[in-house]
Structure formats: structure tokens, C-alpha cells
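The values are calculated or read from the model by the stated rules, or taken from the named source; none is laboratory data. If you're wondering where the values come from, they're calculated on a predicted model, not measured in any experiment. Cβ: placed from backbone, ideal geometry, glycine included. Neighbour counts: every protein chain shown.
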Amino acid sequence: MTKLWGGRFAGGPAEALEMLNASITFDMRLAPYDLLASRAHARVLHRAGLLDDAELDKMLTALTELGEAVASGGFEVSIADEDVHTALERGLVERLGPLGGKLRAGRSRNDQIATDLRLYCRDHARGLAADLIDLIDALVAQAGAHVDAPVPGMTHLQHAQPVTFGHQLLAHVQPLLRDLERLRDWDRRAAVSPLGSGALAGSSLPLDPAAVAAELGFDSCAANSMDGVADRDFAAELLFVAATVGIHLSRLGEEVVLWSSSEFGWIELDDAYATGSSIMPQKKNPDIAELARGKSGRLVGNLTALLVTLKSLPLTYNKDLQEDKEPVFDSLDNLALLLPAVTGMIRTMKVNTDVMADSAPRGFSLATEIADWLVRRGVPFRDAHEVTGAVVAHCGKLGIELDEISDSDLAGISEHLTPQVREVLSVEGALAGRTTPGSTGPTAVRSQLAVVGTALAEW
Ligand code: ARG
């Protein structure tokens, strides 16, 4: 097996070096992208007069065959191949003889790997966007079915004010829509082709990096060949988006864990999306939701690992950069596993609207309604807050809910508390009154749903 760099070396590499140095153990998944870039490079060599018509033809045919062999598992690689570029050049030489060695003219593994990884990232980011859209769609469907279902809205995990379940589900949709936006912004910056940067200094051969860029679906070619091979911002930024998606899924997952507990009882997970216990026959566990929480750790870890690898790295290519790939693969692989599971779990969960409605007014969650009612009657909010606090304390002492307090007790607390206050002591009334844009009232939530639907239709 020949290294791409064997010429000046007297003997072969030590086994320990070979084992450490190899990326072939994890980078063969870049082969389809490497082959695409090779096709574009072959055409550019042809236009530069460095391959004749027949040579280009043979080269493209061999690249196609090699791609088929890789896809079918018929192309075997070993640790001696070092990396995907070395392996594929071997495959080409095996098919073409010395002609296979012509493709390396004017390019280096440094611009090749930067190109391959960008192509991989852009391709898989599209898959990530599609998976996000599916999850948003599932959340939107549940939100649409529960536009006016009341639940206790919480702060500090304590009953705060009633909200609609539709509103709460859409509160998980908004961050995911922002993640989609992030992917779109990211792709614009990632659409730059490093091919043509060579090892670091560009090429003395009459190549055409702009044409190669266009052929590979990039918007432009690198403005600076040193940056072309050294830049991994695109990978770090994608890992940031992946970590942010992970954080959002972890927050949704945590809520699903709570909602499905006996203490909440808001939802029941479908059997197909829950697991059992090996010892406790009654158990139905929210493993998907817990993995949504748990996997956020490795997603943040992958981002951190790459950023630390890049920190203080001198220009241009350094072998440290070989460490860029596994975090990227791991984050994208894990989201590709996680998102469809979370989507199925959300789409199929059964919502116990009676339990939620029963719980919505508990914990004095309508207290703000009393304060607002007093404000509408000219009482300064500061005093209204004080008076309402006294009502809550009184009910707490008697162990009753707000609407169970007697007229005389109300009047005893404040002359402003006439029996008319009871008209705001209903969850439906509290929700219906919240009509401003972005509020939780059913009318405002229907408008929100319409806007989300339009945003989704654009994707
Ligand atoms: N396997 C290498 C990587 O993943 C490819 C680039 C190697 N370049 C070099 N000059 N050794 O980064």
C-alpha cells in the first residue's frame, strides 16, 4: 500500500503512528462527496489541457465505478489507506493505472477535506431541517387540536396563570422555527468552496476554482486560499445550531416527562413511543423524552470539543483539524435518531384535557385576574396587588379556592371587592380576555397558528 507522501521516506510508518494518524476508520462516509469533488476537479484539469478528452472520459467512468463499489460495500479499505482521499486514489489507480495518478495535480488533501466536509455538512443540514419541520408539524397539529384547552401556566414550576395547551405547544415551536432560520443563515455562509486553495497557497496550474464551486453547488470559491484550508467556522456554527436544537429538545423533553407523570397526568404517551420496566409491570416510561434531555449533553460537548480544537491553532492546515469530523458526525447522527422519535411521541400522545382543565384554576392562578379587575376600576396596581394578596392568604387559611370565598369576606378585605369580581374568576374568562398579539387567548393563538403555518409553508 503506498502512502500519498512516501517519496522522501526510507521506510514505512511505525504501527503506532499508523494507528494514530489514520482517519479512514471514520471518514469513509465522506467518499461520495470526495468523488463528487474529484469529478469537478477532473473537468477543470481537462479544460486546463492537463487531461485529454479520452483521459477525462476514462477518469469519469472510473470515478463512477468506484462510487458504485463504495456504495455496494465492494471497495474494501484498511488502516494502511490512512484516509478517504488515499483510499479513493488507490481505487482509481487500481482501475486506471498511471492515469489515476493525474487527478492529484493542483489539489491537496487540505483543500479536499475542507471541501468534502462542507459538502457533507450542507447535505446533512438539509436532512436536519426536514426533521425539524416534521417535529414542528406534529407540535402544530397538537396545538391546533388544543387551541382552547386550559392548563396551568407555570413559572418556577408553580401555578402562575392559566394558559391554553395550544399556546404552550406553540411556545416550543417558536425556538424550532428559529433553528430553521439559523440553518438557512448558516448555509449562506457555508456555501463557499475551498477547492483550488491547494495545500495553502493556491495553484500554479490554470485551474478554475469558481467553475468548480458552481459545479459543486457552492455560491463562490474561497477568497483566500490560506483561509480556505484553515477555516472550520462552518463546522463549528453547524455544531452550535445542533447544540441549540438539542437544548430546545431537552426543554420539550423535560416537559413531556413532567406532563406524563402521575402527579401531572396531562398526557399519556402512546405505547409505541414509551417503554416498560423489567421489574415493575405497571411502568410506562418516557425514554424518548429523557433521551431528548440526555443527548443535549453530548451535542454541547461536540461543539465545545471543536471550538477547543480550533483555539490558538496557527494557520493553515494542522493535523489537529482531523479531529473536526467525529463531533460533526456524532451530532448530526444523534439528531437524525432523536428527532423522528420525538416527532412520533408528540404526534401520538393522548392529551387529558379534563385533568388539565381541572388543574388550571388551582394554586390561586386567577389571582392576577382579581388585581387586573381592580385596576380597571381605578385602583392603583400596587394596592390591587396588596388586596388580592390578602384574598389569597384568606383562602389559603380556609383551605378554599378563590371562587369559594364569601361576599362578606370579600367586602371585609376591601370595599372595592364587590361580588361582581366573580365574573373574572373563571378560567375561560381569563383566557378569552387575553387577546393582544402573542397572548394565550384562543383567538390570539389561532392567529399565531396561522402565522406559523405560513412560515412553515415557505420551507
Ligand atoms: N485525513 C486528513 C484530515 O482529516 C486529511 C487531510 C490531511 N492533510 C495532510 N496534510 N496530512 O484532516
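None of Val70, Val93 is without any contact (Cβ under 8 Å) to a residue 12 or more places away in the chain and more than 16 Å from the ligand (Cβ to nearest atom) except Val93.
Considering segment 395-459, the qualifying helices (runs of 4 or more DSSP H), each wholly inside and each with 2 or more residues that are acidic (Asp, Glu) and not assigned by TED's automatic domain parsing to the domain that holds Glu181, run over 407-413. Looking at segment 292-311, can you tell me whether even one residue there is of a type in the set (D, E, K, R), surrounded by fewer than 16 Cβ atoms within 10 Å (Cβ to Cβ) and within 16 Å of the ligand (Cβ to nearest atom)? Scanning segment 292-311, I find no residue that is of a type in the set (D, E, K, R), surrounded by fewer than 16 Cβ atoms within 10 Å (Cβ to Cβ) and within 16 Å of the ligand (Cβ to nearest atom), so the answer is no. So is Asp287 surrounded by fewer than 21 Cβ atoms within 10 Å (Cβ to Cβ) and within 16 Å of the ligand (Cβ to nearest atom) or not? No, not satisfied. For Leu313, the stated conditions do not hold, so it cannot be described as in contact with a His (Cβ under 6 Å, 6 or more places away or on another chain), more than 24 Å from Val257 (Cβ to Cβ) and assigned by TED's automatic domain parsing to the domain that holds Thr244. Looking only at residues of segment 65-80 that are part of a helix (DSSP H, G or I) and in contact with a helix residue (DSSP H, G or I) (Cβ under 9 Å, 6 or more places away or on another chain), we find that the one that is surrounded by the most Cβ atoms within 10 Å (Cβ to Cβ) is Leu66. Hey, among the residues in segment 98-155 that are assigned to a loop (DSSP other than H, G, I, E, B) and within 16 Å of the ligand (Cβ to nearest atom), which one's farthest from Leu207 (Cα to Cα)? Across segment 98-155, the extreme among qualifying residues is Ser108. Per the listing Gly453, Gly396, Gly433, the residue uniquely within 21 Å of Thr155 (Cβ to Cβ) and within 43 Å of the chain's Cα centre (by Cα) is Gly433.
Counting only residues that are surrounded by fewer than 18 Cβ atoms within 10 Å (Cβ to Cβ) and more than 26 Å from the chain's Cα centre (by Cα), segment 158-199 holds 3 of them. Entry remark, segment 44-59: residues being under 42 Å from the mean Cα position of the chain (by Cα), without any contact (Cβ under 8 Å) to a residue 24 or more places away in the chain and loosely packed, with under 15 Cβ neighbours inside 10 Å number 1 in total.
Rundown of residues vs (1) at positive phi; (2) of a type in the set (D, E, K, R); (3) not assigned by TED's automatic domain parsing to the domain that holds Ile346, yes/no style:
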{"residue": "Gln142", "(1), (2), (3)": "no, no, no"}
{"residue": "His156", "(1), (2), (3)": "yes, no, no"}
{"residue": "His167", "(1), (2), (3)": "no, no, no"}
{"residue": "Ser203", "(1), (2), (3)": "no, no, yes"}
